[in-house]
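Shown next, in structure tokens, is the structure this report addresses.
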Amino acid sequence: MAAPHLDNRTARRLFLHSHGLGAAPAGPGKGADLMDVVERLGFVQLDSVRTVARAHDMILRARRTSYRPPALKRLYEVDRQLFEHWTHDASMIPKAYYPHWLLRFDRDAARLKERWKSWQGEAFQSKFDDVLTHIRDHGSVSSAEVAPEEERSSGGWWDWHPSKAALEFLWRTGQLAVVCRNGFQKRYDLTERVIEEHLHTPSPRPEAQETIDWCCRGALNRLGFATSGELAAFWATVTPDEAKAWCTRMLAAGEIEAVTITCNDGAVRKVFAWPGIEKEAAALPPPPGRMRVLSPFDPALRDRKRAERLFGFYYRIEIFVPAPKRIYGYYVFPLMEGDRLVGRIDMKADRDADELAVTALWPETGVKWSTGRQGRLEVELDRVARFCGVASVRWLDGWLRDPKV
């Protein structure tokens, strides 16, 4: 019997519905509704760049146009429904998932201690007790507040002072938790003051295999279909070998099935999915035809190779590329229309001028930038302007560029 198969459009539709982009972005965008969005995504990646708005805010806004940043801050700092830690990068995560981070804390304790020795030397390890004692006695701190005077001349992340490295290590390994951010600066406190006891010391504590199963199931739910490598990469906790073994075991038990999908270039790819996915995907409605501006860190685009296979959309962040060598620009936003990625736009919120300034727009190859498409983009950019607190949109001369091949 042939394996179930999803054509490219059906695969894209399933993927977008799994990521909360398959329906109109309606809903209050706060409280329980916003928490539902975060849980559906699994986590929301944090990023400090604010050319328009920060990545986590753009991610949530793409799914709820009524969302405003104070709603996430409230969930995190007032309602305490989220905690901050690492997946593939720093992220906001539902607090109920915290027990499954205990495996990561254990693994990072050994891995980072060895890795950071070659970066920091031994000095940061001697600061653990001092940092913990300071926080226990004085409450939550920023990195600057734990540094003795002789350490404070250190530079950026590549040159952390020993107390800063100790602080980060204690956070990465679960002894500290981030309690809030002031601006974009983290404040740390003892874990037991931030995370409820039944979460940070659960009884019974999840066994490693239980967490591996939880991670793989959660990843497959949110990806719709995936290779074992994609399951491992989703939370970045499970190893590729562990995810491969999970798929083998689940396939033998009939709990998942092998599926093929057609990629954007016509290639056929083997993946895993829950049984019945072919029928489920075929029944999904098409995404609305509206235009959406996506963050470069949107969950639908985070796996760049997956986005390229599904949508034919090649994207790389060029922040660290010297300006003369950039193909597009410093921080360029992908444009999604329906189930297609149709272009990318270089724009910036100029808050002094009270405007959203559009520098350039590149349609994807084969996409005609019609009057109707431009109208849909203008409606979306008016919404984006309001979201980032500026009054109008200004299109700079020469903004429409030829597609890049």
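Any residue in segment 292-299 that is in contact with an Asp or Glu (Cβ under 6 Å, 6 or more places away or on another chain) and surrounded by fewer than 17 Cβ atoms within 10 Å (Cβ to Cβ)?
no
Exactly one condition in (1) out of contact with any helix residue (DSSP H, G or I) (no Cβ under 7 Å at 6 or more places or on another chain); (2) without any contact (Cβ under 8 Å) to a residue 60 or more places away in the chain is false for K186; which is it?
Result: K186 passes all but (2).
Being of a type in the set (S, T, N, Q) and more than 20 Å from G329 (Cα to Cα) is the filter here, so list the residues in segment 354-389 that pass it.
Within segment 354-389, S370, T371, Q374 qualify.
Does A391 satisfy the criteria of being farther than 17 Å from I59 by Cα and open to solvent by 50 Å² or more (accessible area, probe 1.4 Å)?
Working: farther than 17 Å from I59 by Cα: yes; open to solvent by 50 Å² or more (accessible area, probe 1.4 Å): yes.
Answer is yes for this residue.
Take the residues in segment 289-322 that are among the small types (G, A, S) and part of a loop (DSSP other than H, G, I, E, B); name whichever of them is nearest to H19 (Cα to Cα).
So in segment 289-322, the residues among the small types (G, A, S) come out as 289, 295, 300, 307, 312.
So of that shortlist, the ones also part of a loop (DSSP other than H, G, I, E, B) come out as 289, 295, 300, 312.
Values: G289: 16, S295: 14, A300: 7, G312: 18 Å.
Among those residues, the one meeting the criterion is A300.
Limited to segment 197-209, what total is found for residues that are in contact (Cβ under 8 Å) with a residue 12 or more places away in the chain and surrounded by fewer than 16 Cβ atoms within 10 Å (Cβ to Cβ)? Even if it seems obvious, please write down each step before you answer.
Looking only at segment 197-209, we keep the residues that are in contact (Cβ under 8 Å) with a residue 12 or more places away in the chain, and these are 199-200, 202, 205-206, 208.
Then keep just the ones that are surrounded by fewer than 16 Cβ atoms within 10 Å (Cβ to Cβ); that gives 202, 205, 208.
The total comes to 3.
So, of the residues in segment 341-365 that are among the acidic types (D, E) and over 26 Å from P285 (Cα atoms), which turns out to be surrounded by the most Cβ atoms within 10 Å (Cβ to Cβ)?
So the first thing to find is which residues in segment 341-365 are among the acidic types (D, E), and the list is 346, 350, 352, 354-355, 364.
Now restrict to residues that are over 26 Å from P285 (Cα atoms): 346, 350, 352, 354-355.
Numbers: D346: 21, D350: 13, D352: 7, D354: 13, E355: 16.
The residue in question is D346.
Among the residues of segment 89-98, write down those that are in a helix (DSSP H, G or I) and open to solvent by 20 Å² or more (accessible area, probe 1.4 Å). It would help to see each step written out before you state the result.
Let us first name the residues in segment 89-98 that are in a helix (DSSP H, G or I), namely 95-98.
Once the filter is applied, which keeps residues that are in a helix (DSSP H, G or I) and open to solvent by 20 Å² or more (accessible area, probe 1.4 Å), segment 89-98 yields A96, Y97.
For segment 172-186: of the residues being modelled with pLDDT of 95 or more and assigned to a strand (DSSP E or B), which is surrounded by the most Cβ atoms within 10 Å (Cβ to Cβ)?
So the residue we want is L176.
Just to verify a result, which residue in segment 354-405, among those that are without any contact (Cβ under 8 Å) to a residue 12 or more places away in the chain and not in a helix (DSSP H, G or I), is farthest from the chain's Cα centre (by Cα)? Even if it seems obvious, please write down each step before you answer.
Here is the first cut: in segment 354-405, the ones without any contact (Cβ under 8 Å) to a residue 12 or more places away in the chain are 368, 370-372, 374-375, 382, 386, 397.
From what is left, the residues that are not in a helix (DSSP H, G or I) are 368, 370, 397.
Numbers: K368: 30, S370: 32, D397: 33 Å.
Result: D397.
Among the residues of segment 14-59, how many are over 23 Å from W86 (Cβ atoms), of a type in the set (A, V, I, L, M, F, W, C) and not in a helix (DSSP H, G or I)?
Within segment 14-59, residues that are over 23 Å from W86 (Cβ atoms), of a type in the set (A, V, I, L, M, F, W, C) and not in a helix (DSSP H, G or I) number 5.
Across segment 56-88, what is the number of residues that are among the charged types (D, E, K, R) and open to solvent by less than 50 Å² (accessible area, probe 1.4 Å)? I'd like the intermediate steps shown before the answer.
Within segment 56-88, the first condition is being among the charged types (D, E, K, R), and the residues that meet it are 57, 61, 63-64, 68, 73-74, 77, 79-80, 84.
Of the ones still in play, those that are also open to solvent by less than 50 Å² (accessible area, probe 1.4 Å) are 57, 61, 63-64, 77, 84.
Residues flagged as among the charged types (D, E, K, R) and open to solvent by less than 50 Å² (accessible area, probe 1.4 Å) within segment 56-88 amount to 6.
It is to be established whether one or more residues within segment 333-340 are aromatic (F, W, Y), open to solvent by less than 50 Å² (accessible area, probe 1.4 Å) and either assigned to a strand (DSSP E or B) or free of Cβ contacts under 8 Å to residues at least 12 places away in the same chain (or both). Spell out the reasoning first.
Looking only at segment 333-340, we keep the residues that are aromatic (F, W, Y), and these are 333.
Among the residues that remain, those that are also open to solvent by less than 50 Å² (accessible area, probe 1.4 Å) are: 333.
This time we only want the ones that are either assigned to a strand (DSSP E or B) or free of Cβ contacts under 8 Å to residues at least 12 places away in the same chain (or both), so: 333.
Yes - at least one qualifying residue is present in segment 333-340.
Starting from segment 5-18, take each residue that is under 15 Å from G312 (Cβ atoms) and free of Cβ contacts under 8 Å to residues at least 60 places away in the same chain and list its partners that are assigned to a helix (DSSP H, G or I) and of a type in the set (K, R), counting only C-beta distances under 9 angstrom and pairs at least six apart or across chains.
Nothing qualifies.
The values are calculated or read from the model by the stated rules, or taken from the named source; none is laboratory data. Remember, predicted model here, so these are calculated numbers, not experimental data. Using ideal geometry, Cβ is built from the backbone for each residue, glycine included, and neighbour counts are taken over all protein chains shown. What goes into the accessible areas is simple: the full protein's heavy atoms, side chains included, and nothing from ligands, DNA or RNA. Shrake-Rupley method; radii C 1.70, N 1.55, O 1.52, S 1.80 Å.
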